[in-house]
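Peer 1: Okay, here's the structure, questions in a sec.
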């Protein structure tokens with residue numbers, strides 16, 4: 001496994017792999033790798049010949065007052081996880097390497113895709129995500145890039161970007177990996193105390209309850225959201241940012257669940273802002 | 001020479017060229033080709049092995065009230081010019097092919113680069129240019145893309161975009177090609193009557209005068225602009241949009257010409273809004 005800090009090194013190594021006929025898989029991360037990331041690297045290894053993992057805490061996707069400074073950095077541990085998962089190359093650029101000049105060029109996706117859900121409380125976040133992903137895609141030139149469904153809005157935004165701008169790659173969205181309690185794996189789970197981590201299990205429990213209600217015939221989004229809100233509000237100190245039922249592609253709110261919808265939430269538990277989601281499917285017979 | 005209307009055909013043909021070891025040159029145009037475009041195709045043929053010309057009147061770079069509807073379309077003539085200049089492939093997509101869905105993803109360059117000069121009177125124009133060029137670059141995946149210096153602001157904006165976003169190509173900016181009178185070649189010259197075409201020669205004359213003044217020691221931008229303004233105002237019906245002296249990379253206004261600057265202008269002559277520019281160089285001894 002190679003490790004490189006410079007864009008030029010990545011270009012040379014990926015060009016060599018490409019020229020020798022290998023397909024290139026890419027897993028962009030902010031490090032602090034957990035089992036969710038490992039599952040993405042493993043998926044990349046199973047579908048492509050040469051797997052690149054980037055580790056870059058991207059400043060332009062953090063809003064002022066967010067956790068940029070405190071975001072966990074665990075490079076030695078990340079390196080071991082990449083190696084054992086089968087990655088071929090880790091890209092660990094400095095901020096200066098990624099943003100050598102004043103950045104004036106942005107890739108931006110408009111509309112509810114970026115304005116709804118997390119877009120409401122994190123203005124500019126998705127512009128930072130799409131811009132850094134466009135840069136990384138241009139550097140690595142992967143055949144397939146792998147993202148986790150935990151960040152469902154990110155995946156939907158990036159899918160639209162790739163399609164609208166004819167970017168020459170596929171996106172593969174992989175299942176959420178959860179702790180035993182059901183809590184979705186997240187680098188930000190490190191911020192939680194033991195008590196908070198137990199409390200945080202309610203997020204997935206509320207999503208499962210929501211899906212059960214849909215499976216039992218409930219279609220009214222308000223009813224679903226109210227039920228989830230009550231469950232989560234029972235936890236002392238849980239601060240709900242949003243709980244919404246949306247179209248999984250456009251991320252527009254839906255009043256009634258038809259065919260497929262997504263329940264998505266963001267809740268602050270102690271110091272950690274956590275997000276999670278679940279797909280709601282109404283069968284043709286339902 | 002091949003002609004294709006579909007993105008997938010372009011991908012197949014350029015992949016074939018790339019796989020056989022050919023470098024790819026790209027000349028994006030809006031058609032109505034003239035000797036300026038031909039010089040770009042010839043430059044591409046001299047520097048790369050497989051030359052793609054796109055002909056696409058891009059609606060998203062026109063503002064409401066501009067000449068989108070009337071923009072000259074001369075496909076048969078364009079095809080002959082591409083062929084004789086040595087192009088290998090013409091890409092002539094429909095609007096539906098380029099924008100099949102509601103476009104929500106944009107590539108945008110911020111700051112004076114897009115806000116100064118033409119940016120002041122054509123809001124959204126450069127966002128349309130950078131977005132369509134990003135799309136075309138992703139489709140064609142050229143090694144080198146060729147642009148004319150007549151559209152100096154466009155070239156500066158695209159250079160910043162390519163650098164900021166790590167796009168895997170070079171931009172080559174080629175000299176302005178002029179009519180005998182000095183008038184810069186432009187598809188929009190077709191809008192001019194014979195009389196207007198004669199009158200329009202004053203634009204280049206004023207730029208040459210500006211450069212002569214700099215060569216003779218004038219450094220004051222206001223003095224240069226005033227002299228040009230007087231010359232152009234002598235032409236009946238000439239409507240000056242702007243005459244400015246700017247830094248050629250950042251396009252910020254300069255008060256005093258030091259080292260290198262650019263004189264740029266946009267003037268409406270009859271029905272045609274014409275642009276032109278000239279480089280101003282102060283030698284180390286100057």
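The values are calculated or read from the model by the stated rules, or taken from the named source; none is laboratory data. If you're wondering where the values come from, they're calculated on a predicted model, not measured in any experiment. For neighbour counting, all protein chains shown are included, and Cβ atoms are generated from backbone atoms with ideal geometry for every residue, glycine included.
Yes or no, residue by residue, for (1) assigned to a helix (DSSP H, G or I); (2) over 18 Å from residue B:34 (Cα atoms); (3) out of contact with any strand residue (DSSP E or B) (no Cβ under 8 Å at 6 or more places or on another chain):
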position: B:167; (1), (2), (3): no, yes, yes
position: B:189; (1), (2), (3): yes, no, no
position: B:203; (1), (2), (3): yes, yes, no
position: B:212; (1), (2), (3): yes, yes, yes
position: B:217; (1), (2), (3): no, yes, yes
position: B:223; (1), (2), (3): yes, yes, yes
position: B:263; (1), (2), (3): no, yes, no
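Peer 1: So, in region B:111-168, exactly how many residues are on the phi > 0 side of the Ramachandran plot and either buried (at least 20 other Cβ atoms within 10 Å of the Cβ) or within 12 Å of chain A (Cβ to nearest Cβ) (or both)?
Peer 2: 4
Here's the yes/no breakdown for (1) in contact with a helix residue (DSSP H, G or I) (Cβ under 9 Å, 6 or more places away or on another chain); (2) farther than 19 Å from residue A:189 by Cα; (3) not assigned by TED's automatic domain parsing to the domain that holds residue A:161:
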{"position": "A:213", "(1), (2), (3)": "yes, yes, yes"}
{"position": "A:223", "(1), (2), (3)": "yes, yes, yes"}
{"position": "A:239", "(1), (2), (3)": "no, no, yes"}
{"position": "A:249", "(1), (2), (3)": "yes, yes, yes"}
{"position": "A:260", "(1), (2), (3)": "no, yes, yes"}
{"position": "A:268", "(1), (2), (3)": "no, no, yes"}
{"position": "A:271", "(1), (2), (3)": "yes, no, yes"}
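Peer 1: It is to be established whether one or more residues within region B:111-119 are modelled with pLDDT of 95 or more, in a loop (DSSP other than H, G, I, E, B) and under 16 Å from the mean Cα position of the chain (by Cα).
Peer 2: Checked against the condition, which is being modelled with pLDDT of 95 or more, in a loop (DSSP other than H, G, I, E, B) and under 16 Å from the mean Cα position of the chain (by Cα), region B:111-119 yields at least one hit.
Peer 1: Given the criterion outside any helix (DSSP H, G or I) and in contact (Cβ under 8 Å) with a residue 24 or more places away in the chain, identify the matching residue among B:93, B:100, B:64.
Peer 2: B:93
Peer 1: Of everything in region A:169-182, what is surrounded by fewer than 16 Cβ atoms within 10 Å (Cβ to Cβ) and either under 25 Å from residue B:166 (Cβ atoms) or at the interface with another protein chain (Cβ under 7 Å from one of its Cβ atoms) (or both)? Give them in sequence order.
Peer 2: Passing the criteria: only A:170.
Peer 1: Just a yes or no: is a residue in region A:182-199 farther than 23 Å from residue A:67 by Cα and touching a residue at least 24 places away in the same chain (Cβ under 8 Å)?
Peer 2: Scanning region A:182-199, I find at least one residue that is farther than 23 Å from residue A:67 by Cα and touching a residue at least 24 places away in the same chain (Cβ under 8 Å), so the answer is yes.
Peer 1: Across region B:1-42, what is the total count of residues that are more than 14 Å from chain A (Cβ to nearest Cβ), in a helix (DSSP H, G or I) and surrounded by fewer than 21 Cβ atoms within 10 Å (Cβ to Cβ)?
Peer 2: Number of matching residues: 7.
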